[in-house]
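The values are calculated or read from the model by the stated rules, or taken from the named source; none is laboratory data. Source: prediction; values computed, not measured. FYI the Cβ positions are ideal-geometry reconstructions off the backbone, even for glycines, and counts take in every protein chain you see.
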Amino acid sequence: MQERYDVVVIGAGHAGCEAARACARIGLKTAMVTMNLDLIAQMSCNPAVGGIAKGHLVREIDALGGEMGRTTDRAAIQMKTLNASRGPAVRSTRAQCDRARYRTAMKQTVEAEPNISATATMTRSLLNIVILLEIRRCQGDPMMRAVIPDRSRIKHSFTLF
């Protein structure tokens with residue numbers, strides 16, 4: 001991977017996918033690094049999206065053009081209104097998702113984005129990378145380099161963890 005990127009996103013969970021898409025959609029050439037491409041947006045053993053707290057977050061992500069809500073709609077098995085007998089302030093929708101379908105849907109979305117390049121590898125040491133990047137920035141080097149185990153480097157301008 002010797003191309004130059006504007007942004008490197010380390011991790012392809014919910015936040016990593018949203019961050020990579022946000023960067024790519026504003027025209028930044030983005031590399032997304034994950035340990036396993038088949039586990040992009042892997043959900044926990046309780047694959048629920050929604051509820052009072054997380055549902056609020058998902059609606060905010062959706063309002064900003066994020067993908068989590070749309071992917072949930074594609075992978076939902078069951079949708080339920082929580083606290084239906086209570087007042088409107090505590091009512092919320094929760095969706096139970098098929099974990100494999102959610103992963104597949106988010107992976108397709110990320111792969112369809114033209115400015116995202118997803119790669120399966122591990123960064124050698126996040127702490128060392130952050131320190132190296134800050135040293136280079138202080139020395140006036142606008143180009144940063146993330147080091148990965150096969151000793152190749154990802155040239156980029158900004159890193160998101």
* Asked: Are any of the residues in the stretch 1-23 more than 13 Å from the chain's Cα centre (by Cα) and part of a helix (DSSP H, G or I)?
  -> no
* Run residue 9 past the list (1) modelled with pLDDT under 90; (2) in contact with a Gly (Cβ under 6 Å, 6 or more places away or on another chain); (3) surrounded by fewer than 20 Cβ atoms within 10 Å (Cβ to Cβ) and report the number of the one that doesn't hold. => (3)
* Candidates 71, 34, filtered to the one that is touching a residue at least 24 places away in the same chain (Cβ under 8 Å), of a type in the set (S, T, N, Q) and touching a Ser or Thr at 6+ places or on another chain (Cβ under 7 Å) -> 71
* Asked: From the residues in the stretch 55-102 that are within 23 Å of residue 25 (Cβ to Cβ) and among the basic types (Lys, Arg), which one is surrounded by the fewest Cβ atoms within 10 Å (Cβ to Cβ)?
  -> 70
* To do: Go over the candidates 70, 74, 86, 101 one by one and state the one that is over 26 Å from residue 120 (Cβ atoms) and at pLDDT 90 or above.
  => 86
* To do: Among the numbered conditions (1) of a type in the set (Val, Ile, Thr); (2) touching a Cys at 6+ places or on another chain (Cβ under 7 Å); (3) at pLDDT below 90, tell me where residue 34 comes up short.
  => (2)
* Among the residues listed as 17, 45, the single one being crowded, with 22+ Cβ neighbours inside 10 Å and not small (Gly, Ala, Ser) -> 17
* Pairs under 6 Å by beta carbon, first residue more than 12 Å from residue 69 (Cα to Cα) in the stretch 88-103, partner aromatic (Phe, Trp, Tyr) and not in a helix (DSSP H, G or I), six or more apart or different chains? -> none
